[in-house]
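The values are calculated or read from the model by the stated rules, or taken from the named source; none is laboratory data. Since we're looking at a predicted model, the values are computed, not measured. Note that each Cβ is placed from the backbone with ideal geometry, even for glycine, and that neighbours are counted across all protein chains shown. Just so you know, the surface numbers come from the protein's heavy atoms only, side chains and all, with ligands and any DNA or RNA stripped out. Shrake-Rupley method; radii C 1.70, N 1.55, O 1.52, S 1.80 Å.
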Number of protein chains: 2
Amino acid sequence: MKTVRAPIITLLVICATLLFATVLQAADLSTGPIACTLTSWNDGPAKKSIIEFVTKVTKEGGPDFVTPSERIAVFDNDGTLWAEQPMYFQFLFMLDRIKALTPQHPEWKTQEPFALILKGDVKAALAGGEKALGQLMMTTHAGMTSEEFEKIVRDWITTAKHPQTGRLFTEMVYQPMIEVLSCLRANGFKTFIVSGGGVEFMRPWTERVYGIPPEQVIGSSIKTKFELRDGKPVLVRLPEINFIDDGPGKPVGIQMHIGRRPVAVFGNSDGDLQMLQWTSAGDGLRFGLIVHHTDAEREWAYDRQSSIGRLDKALDEAQAKGWTVVDMKKDWKTIY
Amino acid sequence: MKTVRAPIITLLVICATLLFATVLQAADLSTGPIACTLTSWNDGPAKKSIIEFVTKVTKEGGPDFVTPSERIAVFDNDGTLWAEQPMYFQFLFMLDRIKALTPQHPEWKTQEPFALILKGDVKAALAGGEKALGQLMMTTHAGMTSEEFEKIVRDWITTAKHPQTGRLFTEMVYQPMIEVLSCLRANGFKTFIVSGGGVEFMRPWTERVYGIPPEQVIGSSIKTKFELRDGKPVLVRLPEINFIDDGPGKPVGIQMHIGRRPVAVFGNSDGDLQMLQWTSAGDGLRFGLIVHHTDAEREWAYDRQSSIGRLDKALDEAQAKGWTVVDMKKDWKTIY
């Protein structure tokens, strides 16, 4: 009898174990932090603070438990999820678009700021200040339909290379932050991007690269207009600012789009200060993290004096508010 | 031996069945429309069209299959998910707010449009047109923080009663539409509200009433401003229009907020025409539905001549575009 029963019992045990595991997996998120190995992080206070936060907010019955529907995490993009040097990547996109559009604009040879851009003197072109930048932006970002713009971005992002690293821009996303995104999502968080960059510049690739769907991307925008063209509805991008999602605009954008206060926020510059403050001021446990660019060898090192991604006031405020400051050089095993 | 093995085998079968069922449940959405009994709908072409659509887009390998991430459905609110007569409920909220604020505003006794509102002559008060309405709206909707406004709405929505039915406003949501929302969500759809109403007027209760979280509510809005008050960050509501999410504004709002075209759209008035057009013009199978208010007995009957929720052009276009037109009287077994 023993020889007959043994395999049945073994099967029964396997089956019960599988059932238990499946139910556990499917049922809820109360079993603590899942998939938070953070393998690209070196052991240290930064890594520890992330895991501790996730452990606390997912511990059902614990004092810091956050119900799954309230688990909202917001991430800046430039300098937080991907690199931003020597200039914001959307700016490089803009320069490439100017070049691509030049054959249709012979007048640009003598018309500023275009002529200077075509000569490669970006700095002189931008000496025209906001007006010059506005002209360059609107020429390259407006005038087409939303679908046409999406295609332009898709084509660029899948082919254009970074001038210094020679990599695709989507290969310059930070692996340690990808792991944080996964860790949070595995623990019931909805992850959002809240970026000063253009919302329609990010949406065509954020799902593939970060696992963040278009409806969870918040950014700056220009106005659009609904039109019927030969009976076919289109949205036309207009050369007029709609919203600047930077600095004090970030909490405004968060409220407008999400309608509730995040419990976790990730940034890297003073442009993220107000959303760090807004998140931290909520009731209960909140988590703030600043990526400090300290690695001149593997990435770039910059903070208080940088015109791109300046980190000054937020760095001062980090200690008082208990925000985690990531020392990229020390805390990250891998960058990209 | 038989007596010993039988219970073990029975257990094994039960266990395997449970495991199979659990895996099926958790695994994916390829098994066709789940939870689409639509019990408050009478059998007929409207009910049939909904079930057929859901069946087709969830049939993996079928010609109309839509990947889960693209399953976006948008719903108008006033007249589509809840009633809107004899005036939009947010307008009734506004009138109640005017009354509540009167003790702090003795000057309103002689100042229009307030004086007429206080006398109960709403029609005369609104003869002042957009300017009068703007004054009433901004007085009641701006000047406080976003959190204060949320509390005001919560208090009102849980206590105020409809002047004719005596019900709470959240008891005047359409049960058949609640079933459609559930049916879609059970089949992997993300459901959004796209309403001309104020976004912050809806968010405090849409999750509880419709199962739609704040981040999936799109609506009209006024501008807000980030401020530090004694070091505490607040968002202050300003008396300035930010966005009107109505008519041609609806596809604009959808693109701004969701960033992709819905595959299903539900409305009831000409204010939904452009989002019906925008949705229908997408590639592949799309679904459009219009709630036609035909039931003067159980609800209200109105369409082409109504100043609230006018349904005229969209009704004309419904046949050519293949949109389902719900005959409320005939198609709905239950209203609320």
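Just counting partner chain Cβ atoms within 10 Å, what average do the residues of peptide B:212-220 show around their Cβ?
Working: counts 0, 7, 7, 12, 3, 2, 3, 1, 0.
Across B:212-220, the average partner-chain Cβ count within 10 Å equals 4.
Give the shape of the range B:141-186 as rounded, prolate or oblate, defined through the alpha-carbon gyration tensor: a ≥ b ≥ c are the square roots of its eigenvalues, a/c under 1.5 means rounded, and otherwise the shape is prolate if a/b is larger than b/c and oblate if not.
On the way: a/c = 3.78, a/b = 1.49, b/c = 2.53.
It comes out oblate by the Cα gyration axes.
Excluding residues fewer than 8 places away in the same chain, name every one of the aspartates and glutamates whose C-alpha is closer than 15 Å to that of A:Lys109.
Cross-link targets: A:Asp121.
Is the C-alpha gyration tensor of the range A:232-336 telling us rounded, prolate or oblate? Criteria: a/c under 1.5 is rounded; beyond that, a/b larger than b/c is prolate, otherwise oblate.
Numbers: a/c = 2.10, a/b = 1.37, b/c = 1.54.
Oblate, because a/c is 1.5 or more while a/b does not exceed b/c.
Per residue, what accessible area does the range A:85-145 have, given a 1.4 Å probe and all protein chains present, in Å²? Walk me through the numbers on the way to the answer.
Details: 3150 Å² over 61 residues.
Heavy-atom SASA per residue in the range A:85-145 reads 52 Å².
Please list the three semi-axes, largest first and in whole Å, of the ellipsoid equivalent to the protein assembly as shown, using sqrt of 5 times the eigenvalues of its alpha carbon gyration tensor. Numbers along the way, then the final one.
Numbers: eigenvalues 317, 302, 149 Å².
So the three semi-axes of the protein assembly as shown are 40, 39, 27 Å.
If packing is taken as the average number of other Cβ atoms within 10 Å across a peptide's residues, how do A:99-110, B:305-316 rank, most packed first? Walk me through the numbers before you get to the answer.
Numbers: A:99-110: 11.2, B:305-316: 16.4.
By packing density, highest mean first, the sequence is B:305-316, A:99-110.
For the range B:177-265, count the residues as N, evaluate 2.2 N^0.38 Å, and divide the Cα radius of gyration by that value, please. Don't jump to the answer; show the numbers that get you there.
Working: Rg = 15.1 Å, N = 89, 2.2 N^0.38 = 12.1 Å.
After normalising by residue count via 2.2 N^0.38 Å, the value is 1.25.
Expressed in nm², what is the orientationally averaged projection area of the convex hull enclosing the Cα positions of chain B? Can you show the working numbers first?
Details: hull surface 96.3 nm².
Answer in nm², one decimal: 24.1.
I'd like the distance between the alpha-carbon centres of the range A:63-82 and the range B:161-217, rounded to an integer number of Å.
Cα centres, the range A:63-82 to the range B:161-217: 26 Å.
Just the accessible area per residue of the range B:261-303, please: how many Å² with a 1.4 Å probe? Each step should come with its number before you reach the end.
On the way: 1220 Å² over 43 residues.
Heavy-atom accessible area per residue stands at 28 Å².
Over the protein assembly as shown, what is the percentage of antiparallel beta bridges among all DSSP beta bridges, to the nearest 5?
Working: 26 of 64 bridges.
Here the share of antiparallel DSSP bridges comes out near 40 percent.
Got a number for carbon plus sulfur as a percent of the range B:246-336's accessible area, 1.4 Å probe? Intermediate results must be reported in sequence, preceding the final value.
Working: 1560 of 3490 Å².
Here it works out to 45 percent.
I'd like the FRET efficiency for A:Gln104 and B:Lys161, computed as 1/(1 + (r/R0)^6) with the beta carbon distance as r and R0 of 60 Å, rounded to 0.05.
Details: r = 62 Å, r/R0 = 1.04.
For R0 = 60 Å, the calculated efficiency reads 0.45.
Ranking request for peptides B:255-266, A:217-228: highest mean number of other beta-carbon atoms within 10 Å first, then the rest in descending order.
Values: B:255-266: 24.5, A:217-228: 19.7.
The packing order, highest mean first, is B:255-266, A:217-228.
About the Cα centre, and with charges only on the beta carbon of Lys, Arg (+1) and Asp, Glu (-1), how big is the dipole of the range B:173-284? Nearest 20 debye, please.
Values: 12 positive and 12 negative charges, 66 e Å.
Taking the Cα centre of the range B:173-284 as origin, the dipole is about 320 debye.
Take the solvent-accessible surface of the protein heavy atoms, probe 1.4 Å, and return the percent of it on the range B:103-236 that carbon and sulfur atoms account for. Spell out each step's value before the answer.
On the way: 3110 of 5800 Å².
Carbon and sulfur: 54 percent of the exposed surface of the range B:103-236.
Out of all DSSP beta bridges in the range B:146-275, what portion is antiparallel? Express it as a percent rounded to 5.
Details: 9 of 12 bridges.
Bridges in the range B:146-275 that DSSP calls antiparallel: roughly 75 percent.
Take peptide A:275-281, look around each residue's Cβ out to 10 angstrom, count Cβ atoms belonging to other protein chains, and average those counts.
On the way: counts 2, 1, 5, 4, 1, 1, 5.
Taking all residues of A:275-281 together, the mean is 3.
At 7 Å along Cα-to-Cβ for each site, give me the label-to-label distance between A:Ala124 and B:Ala186 in nm.
About 6.9 nm, to one decimal.
Rounded to the nearest 20 Debye, what is the dipole magnitude of the protein assembly as shown about its Cα centre when Lys and Arg each give +1 and Asp and Glu each give -1 at the C-beta? Provide the component values of the computation, followed by the final result.
Working: 76 positive and 80 negative charges, 284 e Å.
I would put it at about 1360 debye.
Compare A:Glu52, B:Glu130 by solvent-accessible area with a 1.4 Å probe and give them largest first, with all protein chains kept in place. Don't skip to the answer; put the middle values down first.
Working: A:Glu52 80, B:Glu130 170 Å².
Largest to smallest exposure gives the sequence B:Glu130, A:Glu52.
Remind me, relative contact order of chain B in percent, using alpha carbon pairs under 8 angstrom and six or more residues apart? Don't jump to the answer; show the numbers that get you there.
Details: 519 pairs, mean separation 71.7, N = 336.
Here the relative contact order equals 21 percent.
Quick one: accessible surface of A:Cys36, probe radius 1.4 Å, all protein chains present, in square angstrom to the nearest 10.
Accessible area of A:Cys36: about 20 Å².
Leaving out ligands, DNA and RNA, calculate the buried accessible area for the pair B and A with a 1.4 Å probe, summed over both sides, in Å² to the nearest 100. Intermediate values should be presented prior to the final figure.
Numbers: alone 16910 and 16870 Å², together 29620 Å².
Looking at B and A, the buried total is near 4200 Å².
Separation of the range A:267-336 and the range B:292-326 by C-alpha centroid, Å?
Each part reduced to its Cα centre gives a spacing of 54 Å.
How many nanometers, to one decimal and shortest first, lie between the label point of B:Thr37 and those of its other copies, if labels sit 7 Å from Cα toward Cβ?
Here B:Thr37 shows inter-copy label distances of 4.4 nm.
Using only alpha-carbon positions, what ratio does the radius of gyration of the range A:60-175 give when scaled by 2.2 N^0.38 Å?
1.42
Going through the cross-link list A:Lys313/B:Lys151; A:Lys151/A:Lys232; A:Lys131/A:Lys161, which pairs have a Cα-Cα distance over 30 Å in this structure? Please list the in-between numbers first.
Details: A:Lys313/B:Lys151 33 Å; A:Lys151/A:Lys232 18 Å; A:Lys131/A:Lys161 28 Å.
Listed pairs above 30 Å: A:Lys313/B:Lys151.
List, shortest first and in nm to one decimal, how far the label point of B:Lys99 (7 Å from Cα along Cα→Cβ) is from its counterparts in the other copies.
6.8
Whose amide H sits under 5 Å from the amide H of B:Phe192, counting only residues 5 or more places off or on another chain, with H placed in the peptide plane?
Distant-sequence amide H within range of B:Phe192: B:Ala73, B:Val74, B:Phe75.
7 Å from Cα along Cα→Cβ at both A:Lys225 and B:Lys48: what's the point-to-point distance in nm?
Between A:Lys225 and B:Lys48, the label points sit 4.4 nm apart.
Taking chain A as a Gaussian network, where each spring joins two C-alpha atoms under 10 Å apart, which residue of A:Phe192, A:Phe53, A:Phe201 fluctuates the most?
Result: A:Phe53 has the largest fluctuation of those listed.
For the range A:120-238, what does the convex hull of the Cα positions come to per residue, in cubic angstrom? Kindly include the intermediate steps, with their values, before the conclusion.
Details: hull volume 17.0 nm³, N = 119.
Value for the range A:120-238: 143 Å³ per residue.
Cβ neighbours within 10 Å, averaged per peptide: list B:161-167, A:318-324 in order, most packed at the top. The partial results should precede the final answer.
Values: B:161-167: 11.7, A:318-324: 14.9.
Going from most to least packed, we get A:318-324, B:161-167.
Using helices alone, I'd like the mean residue ellipticity at 222 nm for chain B: each DSSP H run of four-plus residues gives -39500 (n - 2.57), total over residue count, nearest 500. If you can, show how the numbers build up before the last one.
Working: 13 runs with 142 residues, N = 336.
Computed ellipticity for chain B at 222 nm equals -13000 deg cm²/dmol.
In terms of modelled amide H atoms, which long-range or inter-chain residues lie less than 5 Å from the amide H of B:Cys36?
The answer is none.
Would you mind counting up the charge near B:Glu240? Only other residues with Cβ under 12 Å from its Cβ, with Lys and Arg at +1 and Asp and Glu at -1. Can you show the working numbers first?
Values: positive: B:Lys223, B:Lys225, B:Arg237; negative: none.
Value of the local net charge: +3.
Given the whole protein assembly as supplied and a 1.4 Å probe, what does the accessible area of B:Arg229 come to in Å², nearest 10?
For B:Arg229, the solvent-accessible surface is approximately 100 Å².
Using a Cα-Cα cut-off of under 23 Å, which lysines could be cross-linked to A:Lys56, ignoring same-chain neighbours fewer than 8 residues away?
Those lysines meeting the cut-off are A:Lys47, A:Lys48, A:Lys190, A:Lys321.
Other chains' Cβ within 10 Å of B:250-256 residues: what's the mean? List each step's numbers first, then the result.
Numbers: counts 1, 8, 7, 1, 3, 11, 12.
Rounded to a whole number, the mean comes out at 6.
Of A:Gly44, A:Gly143, A:Gly129, which has the largest mean-square fluctuation in a 10 Å C-alpha GNM of chain A?
Checking each option, the largest mean-square fluctuation is seen for A:Gly129.
Dipole of the protein assembly as shown (Lys/Arg Cβ +1, Asp/Glu Cβ -1, origin at the Cα centre): which of A:Gly284, B:Ile258, B:Thr55 lies farthest to the positive side?
B:Thr55
Under 1.5 on a/c is rounded, so check that first for the range A:293-336, then, if it is not, pick prolate when a/b is larger than b/c and oblate when it is not; a ≥ b ≥ c are the square roots of the alpha carbon gyration tensor eigenvalues. Please list the in-between numbers first.
On the way: a/c = 3.17, a/b = 1.32, b/c = 2.40.
Oblate is the answer for the range A:293-336, as a/c is 1.5 or above yet b/c matches or exceeds a/b.
If you put a point 7 Å past Cα along the Cβ direction, how far is that point for B:Leu133 from the same point in each other copy, in nm, smallest first?
Shortest to longest, the spacings are 3.9 nm.
Just to verify a number: what accessible area does A:Trp82 come out at with the full protein assembly present, 1.4 Å probe, Å² rounded to tens?
The accessible area of A:Trp82 comes to roughly 0 Å².
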